[in-house]
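Since the structure comes first, as structure tokens, the remarks are kept for the end.
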Amino acid sequence: MLHILVLLALLAVVSHAQLHPRPRQVTAAAAALSPSVSPAPSASGIATASASQPIVSGSVPNGTLAPNASVVPPPTFPITLLSTNPTAIPLPSIVPNASTQATVPLDTTYAAGAIPTGVPGAPPLPDISTLNPANYPPLDRPPPTDTAFVQQAIAQVNASGFSIPSIPVNQLGGCPANPAAVADPNRCWWTCSQCTRSTDIITCPDKMTWGSTFDDGPSPYTPNLVQYLDQQNIKTTFFVVGSRVISRPDYLRSQYMGGHHIAAHTWSHTALTTQTNEEIIAEFAWSKKVIKDVLGVTPIYIRPPYGDIDDRVRAIAAAMQLTIIIWTSGNASNHINYDTNDFNIDAGTVSASGVINNFTNILNNASTLQTGFIVLEHDLFQQSVDLAVGYTIPQAIAMKLTLKPVINCLNKPLSDAYLETNDNGTNPLPTAVGTSIIAGAASTLSPGAPGSTSASSRGNGAVQVRGGAGAGVVAAAQVFALGVIGAVAAL
Ligand SMILES: [Zn+2]
């Protein structure tokens, strides 16, 4: 059993009036002798909306818009952790619109020609002095498919030998809006059933090994996270959004040169099953290109926004030499989604203590797995970073868990993460012959157990356009306002 280094009970009670509070001190008190499992957030903690009422930051469960999250305060939970960072932001201060932490400037800006030391065989960093966002698609919008670049990518997919299944494009509105898709197990639509194929990476093989992932950056708070990870000598996997990469290329170079695993997360953070084949190809192609342009290497791994994939999306990814990483979903008898839901603090639909509670449930569930696990966290908003550096990572360290980037938790070297450095002998890329994406047996986990974040509740959710609200990106706010994109669980 784990040795308790510090027993610290943090009781955070966020009242309605505290949604825009003055920071106050956390009440610390001795409590239980071991980490407790509190009731998990109910489905009411999961944001939902209809396609005609796209969810925005601050939405509430009934799908109406609440721009300032001032309607229903999220539930809070008593928290017990083994350890926290002494400099942690108090939980009651980790609230929507938080601005309690200064951003950390980059310690180094890497010049063209610098050699990545952590990636054997990697080319020198390219010259990004002439990188021009005008040469890329508009931020946070699905890239147009009629450009020469995307047409070339489409032609390459057509020539790849992969057969793309004729699965209909989903409608906006998530599972309720797509009953035929839900009812068809052959599509293996993860969003509603958490169906996976053998080609999906959802766990780490070694028990109690944590595949650490942070999505949606780089953001202004990413350097805060990287600084802490550096202090702890921990590497992670960053699933970066193309629109963020072109906005902050030096940030991405810092992450990459620091030895972290860089993987793709599309260009505009769309729900891929709602996109046509051509639109999916455009999302994948631009996200690969911008990373290559900034780092000199092309990612092999991708995480679909919201985990929204079916066999059509899987086939297109494979045809484009991309391997899908989602996150762990517990086991059939004890089903917990390994999504901390940290992203939704900014939306006001979950409290900081609620996220810690999710995290505690994940760690308790992890001991029941025969494998390691992959946890979803985010580095787009300050609140998510505050929780990671203040609470979740210190807790994992105290529990003596092994945190690794996903590529390393798979027992592969970092060089296997990129096309230019991958040893295709030990990390073969998907091929159209012999490794059909559809060949793997489907496995569908049972519906969520009480206290878990069930598949059905997630399916009722709505897309959050994952751009840069809170990250200083105007375009994202425009997308929010227009409600361009619509319809699955928010992740
Ligand atoms: Zn995301």
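All of the numbers you see were taken from the coordinates with simple rules; none came from a lab. These numbers were taken from a predicted model, which means no experiment stands behind them. As a convention, Cβ positions derive from the backbone with ideal geometry for all residues, glycine included, and neighbour counts pool all protein chains shown.
Structure above, values below:
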{"quantity": "Using distinct alpha-carbon pairs, which all enter the 1/r mean, Kirkwood radius of segment 122-227 in Å", "calculated": "19.1"}
{"quantity": "Taking 193, 163 and counting other C-beta atoms within 10 Å, the order from fewest to most", "calculated": "163, 193"}
{"quantity": "DSSP-loop trypsin sites (Lys or Arg not before Pro) across segment 188-269, with at most 16 other Cβ within 10 angstrom", "calculated": "207"}
{"quantity": "Ranking of 93, 166, 212 by count of other Cβ atoms within 10 Å, fewest first", "calculated": "166, 93, 212"}
{"quantity": "J(HN,Hα) series, segment 407-412, from Karplus relation 6.51 cos²θ - 1.76 cosθ + 1.60, nearest Hz, glycine and proline x", "calculated": "4, 7, 5, 7, 6, 10"}
{"quantity": "Distance between modelled label sites at residue 232 and residue 97, nm, 7 Å Cα→Cβ extension", "calculated": "3.0"}
{"quantity": "Net charge of Cβ neighbours under 12 Å - reference residue 428; Lys, Arg +1; Asp, Glu -1", "calculated": "-1"}
{"quantity": "Neighbour-count ranking [beta-carbon atoms within 10 angstrom, fewest first] of 400, 292", "calculated": "400, 292"}
{"quantity": "Cut-off 13 Å between beta-carbons: net charge of the residues surrounding residue 309, Lys and Arg +1, Asp and Glu -1", "calculated": "0"}
